[in-house]
1. Suppose we filter segment 98-122 for residues that are buried (at least 21 other Cβ atoms within 10 Å of the Cβ) and touching a helix residue (DSSP H, G or I) at 6+ places or on another chain (Cβ under 7 Å); how many remain?
2. Restricting attention to segment 164-219, and to residues there that are among the polar types (S, T, N, Q) and open to solvent by 20 Å² or more (accessible area, probe 1.4 Å), which single residue is nearest to ILE124 (Cα to Cα)?
3. Counting just the residues of segment 78-97 that are in contact with a helix residue (DSSP H, G or I) (Cβ under 8 Å, 6 or more places away or on another chain) and of a type in the set (A, V, I, L, M, F, W, C), which one comes out farthest from ASP235 (Cα to Cα)?
4. On the given criteria, is MET143 over 22 Å from PRO90 (Cβ atoms), open to solvent by less than 10 Å² (accessible area, probe 1.4 Å) and in contact (Cβ under 8 Å) with a residue 12 or more places away in the chain?
5. Could you go through segment 216-227 and let me know if any residue there is over 20 Å from the mean Cα position of the chain (by Cα) and among the aliphatic types (A, V, I, L, M).
6. Hey, could you check segment 72-91 for residues that are surrounded by 21 or more Cβ atoms within 10 Å (Cβ to Cβ) and touching a Phe, Trp or Tyr at 6+ places or on another chain (Cβ under 9 Å) and say which is modelled with the highest pLDDT?
7. Tally the residues that are touching a His at 6+ places or on another chain (Cβ under 8 Å) and of a type in the set (Val, Ile, Thr), restricting the search to segment 191-230.
Amino acid sequence: MRPPNQRSSGKPVFSFSKGVLLALGLLLLTTSCSRVQHLAKVDYTHYELASDTSNQAQVEALIAPYKQQLDAEMHEVIGHCAETLTKRKPESTLGNWICDLIERHAAEHLGGPVDFAVQNYGGIRVGSLPAGPVRMVQMYDLMPFENRIVVLHMTGADLQEFLDHMAASDGWPVSKSLRYVVENDKAINVEIGGAPLDPDRVYHFALPDYIANGGDSCFFLMDQPRDELPYLVRDAITDEVRRLSKQGLPITAALDGRITLANQDQQ
């Protein structure tokens, strides 16, 4: 779509092509990096529509075939949730489930070990994943951003700063391989893979590229060695739901004390 321009009538006119709509529709329909779709042909037709509502029916008729196709894809049932998963701090069933699957899928795509995974709390955009059928549209509600998975490689000494950063906000969702206690806005009693944090060891952990690139005030991560995977966080979640469904299994998660608050009740 081009910016509105002024014609002799003085009314702003919006100009776009049918080909643009088709390309956008196919882009949205590409819901997993494991499925590659190729646009073989685009036929362009030029339309000019006034910005008032007189042509609303024309616009709706134009996009109806694409909307119907997209709606069918978005409302496909791709899995089943055994019980409602919720988002909360310092630990939650929804956060635990997401981080555990990110760790597993990141290791598969990296082709090497991943010690744990982290997802920023604000990056999970819904408060819960309800029990019952899970539809494709819920994957976009849950994770609407095009965030890719990055695996950072950091020594335990450098990693402590990141853990303290998460602890300062009462913890972010982490996978079960990482455990720690939040005390005075610091991460203490840190264990990774069942062993105490080793300041000299290099750890490999997965997280969204938004955080790896300095988001949520994580500027100290920007220059760390990394592997950037061509794999979206949302696609990892979707692939996990489909994997479980093929095995006849529902989505399940539990609290296991991976993050606790010292001398405080969990919020």
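The values are calculated or read from the model by the stated rules, or taken from the named source; none is laboratory data. Just so it is clear, the model here is predicted, and its values are computed rather than measured. Please note: Cβ atoms are built from the backbone with ideal geometry, for glycine as well, and neighbour counts cover all protein chains shown. Accessible surface is based on the protein model in full, side chains and every heavy atom, while ligands, DNA and RNA are left aside. Shrake-Rupley method; radii C 1.70, N 1.55, O 1.52, S 1.80 Å.
1. Selection size over segment 98-122: 9.
2. It comes out as SER169.
3. Per the stated criteria, the residue is LEU85.
4. Considered against the rule, which asks whether it is over 22 Å from PRO90 (Cβ atoms), open to solvent by less than 10 Å² (accessible area, probe 1.4 Å) and in contact (Cβ under 8 Å) with a residue 12 or more places away in the chain, MET143 comes out as no.
5. Within segment 216-227, not a single residue is over 20 Å from the mean Cα position of the chain (by Cα) and among the aliphatic types (A, V, I, L, M).
6. LEU85
7. Total satisfying the criteria: 1.
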